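Every number here is computed from the coordinates shown, using simple stated rules; none is lab data. This structure is a prediction, so every number in the text was calculated from the model and none was measured. Cβ sites come from the backbone with ideal geometry, for glycine too, and all protein chains shown count toward neighbours.
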Amino acid sequence: MEWESDERELKAAGAEPLPDGRSGLRIHGWEIESRKRSILTSLQLQQWEEELQTSHLPEMVFGDNSLVLKHVNTGTKIHFNALDALVGWKHEALPPVEVPAAAKWKFRSKPLQQVVLDYDYTFTTPYNGSETVERNAECVRGLSNESSYSLHWEDCIDKIDLVALASKEPILFYDEIILYEDELADNGISLLTVKVRVMPSGWFLLLRFWLRVDGVLMRLRDTRLHCLFEGHMKSVILRESCWRGATFQALSSKGYPSDCAAYSDPSIISERLPIIMQKAQKLSIEKPL
C-alpha cells in the first residue's frame, strides 16, 4: 500500500510531492524518492551474476528498488540499492555458516544433487549505503577527494536522539523498500530492507540486514541515518552502525528460548543479541559562499 500524504501537512512544512507520479517529496533543499519494482528477471539475474562474478544470488533480488536522498544545492546524493549491497557481500566473503546435516538436503535444486555450500549463502553484507556527488554540482565542503567524489564522514560521539524521534510529529512521507530476500531453502531468512520517514523537522532512515539460520545463529546489522533540516544550504547527517549476532546455543545458555519461532521479529529480540561492532559518524554538507 502506497503512502498517502496529507496536503495540508505538506504545505505547512514547506514540502511538496515529487512530480510525474514519482514516490517521494521535496523539502528544505532535499529531494527524497523511493522506487519499488518487481524482482529481477532470469536475464537480468544472469547479467548481475556476470557483473558480480558469482553464480549465487538471493532468491529474490529487487534490483530496480532504491531509495535516494539528494541534497539539491550541493548535488550530494545518498542512496540504497541491491547491487552495491551485494558487492559488499562479495568483498566481505564471510565463511559459510555450517548447516545441520539434516537440513542440507533442502538446498538441492535436483533430487540427487550433491550440496556444496562453499560460499556465504546468507548474503551477509557490510553495506551501509552508497554516496555520490553529481559532477555538475559545485565543490562542497565534506568532499575528501574531489576526483573520486566521495564524502568524508567524521567519527563522532554524537548520538541519534531516538526519544525525540518517537515524539508526536506529522509523518510527511514513509516507505519501506526490500532490496533482497532469501529464505535459505526453508532454513531461515536473509533480508535486506531500508525504511525512511520524513517529518517537518528532518528525515530518518533504517537500513537493516537481518539473518536467522534456524538452530544455528542470527545476525543483525543496522545502519541509522538522521538529518535535521537546517536550511537549504546546509545539512548535518548523523549515521550510527550497530552489528549484533549470536548463536542459538549461546542464547539458550543464557536462558533464552531455543525455538526458532521466538526469533521472527528482529525489532523485538535485538537486545538479546550482543553487540559486535558499533560506531557513530557525522557528515556536514554545506554549499560554499
(message) Suppose only helical runs count, i.e. DSSP H with n ≥ 4. What mean residue ellipticity at 222 nm does that imply for the chain under -39500 (n - 2.57) per run, divided by all residues and rounded to the nearest 500 deg cm²/dmol?
(response) -4000 deg cm²/dmol
(message) Let me spell out the model: positive unit charges on the Cβ of Lys and Arg, negative unit charges on the Cβ of Asp and Glu, origin at the Cα centre of the chain. What dipole size does that give, in debye rounded to 20?
(response) 420
(request) Round to the nearest 10 and give me the degree value, 0 to 90, for the angle of helix 42-52's Cα axis relative to the longest principal axis of the chain. (result) 80
(request) On a 0 to 90° scale, report how tilted helix 82-92 is relative to the longest principal axis of the chain, with both axes built from alpha carbons and the result rounded to the nearest 10. (result) 60
(request) Tell me the label-point distance for the pair D265, L45, using the 7 Å Cα-to-Cβ offset, in nm and rounded to one decimal. (result) 3.2
(message) Just to be sure I understand the model, the point goes 7 Å from the Cα along the line to the Cβ. What's the resulting I276 to T54 distance in nm?
(response) 1.6
(message) Nothing charged except the Cβ atoms of Lys and Arg (+1) and of Asp and Glu (-1): what's the magnitude of the dipole of segment 156-289 about its Cα centre? Round to the nearest 20 debye.
(response) 540
(request) Evaluate the relative contact order of the chain (contact order divided by residue number), counting alpha-carbon pairs under 8 angstrom at least 6 apart; express in whole percent. (result) 17
(request) State the answer as a single residue: which of A13, L217, M199 lies farthest towards the positive end of the charge dipole of the chain, with beta carbon charges of +1 for Lys and Arg and -1 for Asp and Glu, about the Cα centre. (result) L217
(message) What FRET efficiency comes out for E98 versus L18 if R0 is 41 angstrom and r is the Cβ-Cβ distance? Round to the nearest 0.05.
(response) 0.30
(request) Quote the charge dipole size of segment 180-237 about the Cα centre in Debye, to the nearest 20; the model charges only the Cβ of Lys and Arg (+1) and of Asp and Glu (-1). (result) 380
